[in-house]
Amino acid sequence: GRIFGLQEVYTPEMIVDGAAEFNGSDASRAQEEIAKAASGTRAAAAISRSSGNSIHLHVEKTPSGVRNVDVFLAITESNLQTDVERGENAGHRLRYIGVVRSLSSIGHFDTKKAASYDADAKLNLKPEWRAENVKLVMLVQDRATRKIVGAAEARPQ
């Protein structure tokens, strides 16, 4: 909310690429912003399996003009559902995709000092998460603008 100068955050707020904020039920705006974000220059980002329950994260080729970069790792789970008992969705079963179960700051780097970034991270997957529905998502963010400048995803297995 602070970044976009909003008094409050709301549902169904949608943020695309860390740069555009709007009502998520506006399908045409969502398609427009996603297409715009997809056409931009991206950092090369990759997630690979290390050993045991560890992964390796790699970032290089950040877009020009990006100086300080933050790297985040999200663990998401899909195919979740809730039976709603009250409110405007009472009596409905809601299905969810990409629910963020964990979000961690992995590190940051200065692109003027290092052309690439590498880090290892330990996975802490909860037994109640269904492994077949879990994804790892790395986000590469410009610290100055909060814009997402790169991303990668992988399965934890």
Give me a count of the residues in the stretch 46-64 that are closer than 13 Å to Ala115 by Cα and surrounded by 11 or more Cβ atoms within 10 Å (Cβ to Cβ).
-> 6
Does any residue of the stretch 69-78 turn out to be free of Cβ contacts under 8 Å to residues at least 12 places away in the same chain and among the aromatic types (Phe, Trp, Tyr)?
-> no
When the stretch 9-45 is examined, which residues are found to be in contact (Cβ under 8 Å) with a residue 24 or more places away in the chain, of a type in the set (A, V, I, L, M) and open to solvent by 60 Å² or more (accessible area, probe 1.4 Å)?
-> Ala19
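The values are calculated or read from the model by the stated rules, or taken from the named source; none is laboratory data. Not measured: the values here are computed from a predicted model. Reconstructed Cβ throughout: ideal geometry from the backbone, glycine too, with neighbour counts over all protein chains shown. We work out accessible area using only protein heavy atoms, side chains counted, and drop any ligands, DNA or RNA first. Shrake-Rupley method; radii C 1.70, N 1.55, O 1.52, S 1.80 Å.
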